[in-house]
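This report refers to the structure that appears directly beneath it.
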Amino acid sequence: MHVYLHVPFCVRRCSYCDFSIAVRKRVPVAEYVECVLRELELVRVEPRSGLETLYLGGGTPSLLPADAIATLVTSLLDAFPSTPLLDAVEVTLEANPEDVTREAARAWHESGINRVSLGAQSFDDRVLGWMHRSHDGARIATAVGTLRGAGLDNVSLDLIFALPAELERDWSRDLELALALQPAHLSLYGLTVEPRTPLARWISRGTSAAPDDERYAAEYLRAHERLTAAGYHFYEVSNAAREGRRSRHNSAYWSGHSYTGLGPAAHSYDGRARRWNVAAWEAYRRAIQSGRSPLESEETLTPEQRELERLYLALRTDEGVARSACPPDRLTAWVGQGWAEIRNGRLVCTPEGWLRLDALVRDLTGVQAIG
Ligand code: SF4
């Protein structure tokens with residue numbers, strides 16, 4: 001089993017973020033933990049299922065006090081009777097750099113967290129201010145050092161690229177500063193403009209430029225080149241890891257494995273149907289506290305939808321698709337253009353191919369890509 005727990009709280013909303021979050025100065029910790037534990041009782045756990053990965057994402061899970069995180073991790077591990085030794089389970093915590101203190105890092109490690117995904121985004125204070133992030137660039141290195149000192153060396157850094165031109169963000173400098181910290185893993189996300197975010201408003205008022213495709217492509221390709229030269233392997237369109245440090249949890253999503261989501265807005269998938277909880281924290285809390293399921297809806301995927309999703313997810317990764325899944329004329333065209341290559345009998349996207357992933361999936365299936 002793979003379990004995702006959504007912790008919806010943030011101290012403020014970042015300028016580009018449209019995630020399902022609840023902005024709170026004070027996190028309702030006891031209520032949240034109680035709701036999740038009650039929801040856990042509603043989840044039907046097969047007696048023989050063990051947990052392979054647990055991912056606390058958000059929102060900002062690191063806003064929860066360490067004892068609340070320990071209670072959640074212990075309860076979740078206990079709920080899956082055949083879970084192997086704790087060391088064998090990948091337990092990831094998403095954290096913001098400003099929440100990483102020596103005490104917190106030590107307590108996270110003791111509670112079973114063995115992987116931390118740090119929302120670094122940039123090392124430039126001006127850029128971080130524009131993003132409405134609450135840390136400064138120097139804090140990232142301090143956080144990584146503190147995590148390592150507490151025994152947490154499986155650290156991933158998130159970085160955002162393709163920022164508007166007026167910021168004059170130095171992407172190469174940010175990459176170098178990230179690499180200097182020698183993280184086990186890096187996730188790189190291109191900025192997208194989502195409706196109803198501060199960024200969308202700035203763009204509509206003309207105070208910010210819309211991100212442009214050329215910058216996106218140039219920065220994405222530069223990152224590929226630099227990270228590959230530094231010994232990282234892009235195993236998915238946005239994710240690069242050192243040997244043995246891939247995210248097992250996210251890899252399970254991309255391989256089409258089933259997973260269970262808990263918390264507001266969390267999604268679950270059993271290999272056939274997808275279910276999702278109500279998105280707003282208050283609606284989730286009310287449902288749980290009045291004894292109702294927090295489930296908002298579900299959809300059963302048709303075999304065609306499952307196949308399309310499988311193709312799309314496989315092309316996102318370095319697994320690619322079987323060569324036979326691609327008509328010969330398409331295969332020749334993609335390889336000829338440098339968008340894909342044949343590796344061990346499979347068709348795998350190159351970085352240039354990953355830049356046009358949706359178009360390639362459309363080309364392959366004649367259907368608009370998902371995601
Ligand atoms: S910390 Fe993450 S989830 Fe919270 S507002 Fe910022 S980007 Fe969104």
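Quick check on the stretch 261-271. Is at least one of its residues under 28 Å from V73 (Cβ atoms), of a type in the set (A, V, I, L, M), touching a residue at least 24 places away in the same chain (Cβ under 8 Å) and assigned to a loop (DSSP other than H, G, I, E, B)?
Yes, the stretch 261-271 contains a residue that is under 28 Å from V73 (Cβ atoms), of a type in the set (A, V, I, L, M), touching a residue at least 24 places away in the same chain (Cβ under 8 Å) and assigned to a loop (DSSP other than H, G, I, E, B).
Out of all the residues in the stretch 120-152, which are assigned to a helix (DSSP H, G or I) and either of a type in the set (A, V, I, L, M, F, W, C) or touching a Gly at 6+ places or on another chain (Cβ under 7 Å) (or both)?
Passing the criteria: D125, V127, L128, W130, A138, I140, A141, A143, V144, L147.
Considering only residues that are within 19 Å of S62 (Cα to Cα) and without any contact (Cβ under 8 Å) to a residue 24 or more places away in the chain, look in the stretch 116-136 and name the one that is nearest to the ligand (Cβ to nearest atom).
Of everything passing the filter in the stretch 116-136, L128 is nearest to the ligand (Cβ to nearest atom).
What residue, among those in the stretch 238-247 that are touching a residue at least 40 places away in the same chain (Cβ under 8 Å) and over 12 Å from the mean Cα position of the chain (by Cα), is nearest to Y189 (Cα to Cα)?
So the first thing to find is which residues in the stretch 238-247 are touching a residue at least 40 places away in the same chain (Cβ under 8 Å), and the list is 238-242, 245-247.
Then drop every residue that is not over 12 Å from the mean Cα position of the chain (by Cα), which leaves 240-242, 245-246.
On the way: A240: 12, A241: 15, R242: 18, R245: 19, R246: 17 Å.
Applying the filter and picking the extreme gives A240.
Can you find even one residue in the stretch 137-158 that is surrounded by fewer than 16 Cβ atoms within 10 Å (Cβ to Cβ) and farther than 21 Å from W108 by Cα?
Yes.
Could you please find all residues in the stretch 277-313 being surrounded by 18 or more Cβ atoms within 10 Å (Cβ to Cβ), in a helix (DSSP H, G or I) and free of Cβ contacts under 8 Å to residues at least 60 places away in the same chain?
Within the stretch 277-313, A287, L311, Y312 qualify.
Wholly within the stretch 1-115, which strands (runs of 3 or more DSSP E) include no fewer than the required count, namely at least 3 residues that are modelled with pLDDT of 95 or more, more than 16 Å from the ligand (Cβ to nearest atom) and exposed (fewer than 15 other Cβ atoms within 10 Å of the Cβ)?
In the stretch 1-115, no matching strands (runs of 3 or more DSSP E) lie anywhere.
Condition check: surrounded by fewer than 17 Cβ atoms within 10 Å (Cβ to Cβ), free of Cβ contacts under 8 Å to residues at least 60 places away in the same chain and either more than 30 Å from S111 (Cα to Cα) or over 22 Å from the mean Cα position of the chain (by Cα) (or both). Does L163 satisfy that?
Against the criterion (surrounded by fewer than 17 Cβ atoms within 10 Å (Cβ to Cβ), free of Cβ contacts under 8 Å to residues at least 60 places away in the same chain and either more than 30 Å from S111 (Cα to Cα) or over 22 Å from the mean Cα position of the chain (by Cα) (or both)), L163 does not qualify.
Exactly one of (1) under 26 Å from V237 (Cβ atoms); (2) of a type in the set (V, I, T); (3) more than 21 Å from the chain's Cα centre (by Cα) is unmet by I288. Its number?
Among (1) under 26 Å from V237 (Cβ atoms); (2) of a type in the set (V, I, T); (3) more than 21 Å from the chain's Cα centre (by Cα), I288 violates only (1).
The values are calculated or read from the model by the stated rules, or taken from the named source; none is laboratory data. All values derive from a computational prediction rather than experimental measurement. Every residue, glycine as well, gets a Cβ built from its backbone with ideal geometry; the counts of neighbours run over all protein chains shown.
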